[in-house]
Amino acid sequence: MPEVHIAGILVQARAERVASVTEAIRALPGLDVPAVAAGRLVVVSECASAAGTLALIDCIRALPGVLNVALVYQHAESAGAMEEEVSDETDPPGVH
């Protein structure tokens, strides 16, 4: 069964290379950079396997200007489970 792997990655880059590193990461499939501050980039990855996550980390690490890459969060579950609707009700239906 297909899986979805979501990871949070912290990247530290040289100050003069932050813009080019951000652009290069955003160009890689399955990666997004939702936050950049003081030479640090928060990167979110979504791919089909743990090996794919590690390959993306290796790609980031190889970019010119990258000083450090750290995996700070990783979650995996079946693609089917990721598609299930989650209720935001505090009480199950019929319980009052």
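A compact table of results
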quantity	calculated
Residues within the range 25-53 that are over 22 Å from Q74 (Cβ atoms) and out of contact with any Lys or Arg (no Cβ under 9 Å at 6 or more places or on another chain), tallied	3
Members of the range 1-52 found to be of a type in the set (A, V, I, L, M, F, W, C), over 14 Å from L67 (Cβ atoms) and assigned to a loop (DSSP other than H, G, I, E, B), listed by number	M1, L28, A48
Identity of the residue in the range 21-53, under 20 Å from M1 (Cα atoms) and aliphatic (A, V, I, L, M), that ends up farthest from the chain's Cα centre (by Cα)	A51
Boolean, L63 is touching a Pro at 6+ places or on another chain (Cβ under 9 Å), surrounded by 13 or more Cβ atoms within 10 Å (Cβ to Cβ), within 14 Å of L31 (Cβ to Cβ) and modelled with pLDDT of 85 or more	no
Residue under evaluation G94, criteria (1) among the small types (G, A, S); (2) part of a helix (DSSP H, G or I); (3) at pLDDT below 95, criterion not met	(2)
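The values are calculated or read from the model by the stated rules, or taken from the named source; none is laboratory data. Source: prediction; values computed, not measured. Don't worry about glycine lacking a Cβ; one is built from the backbone with ideal geometry, like all the others, and counts go over all protein chains shown.
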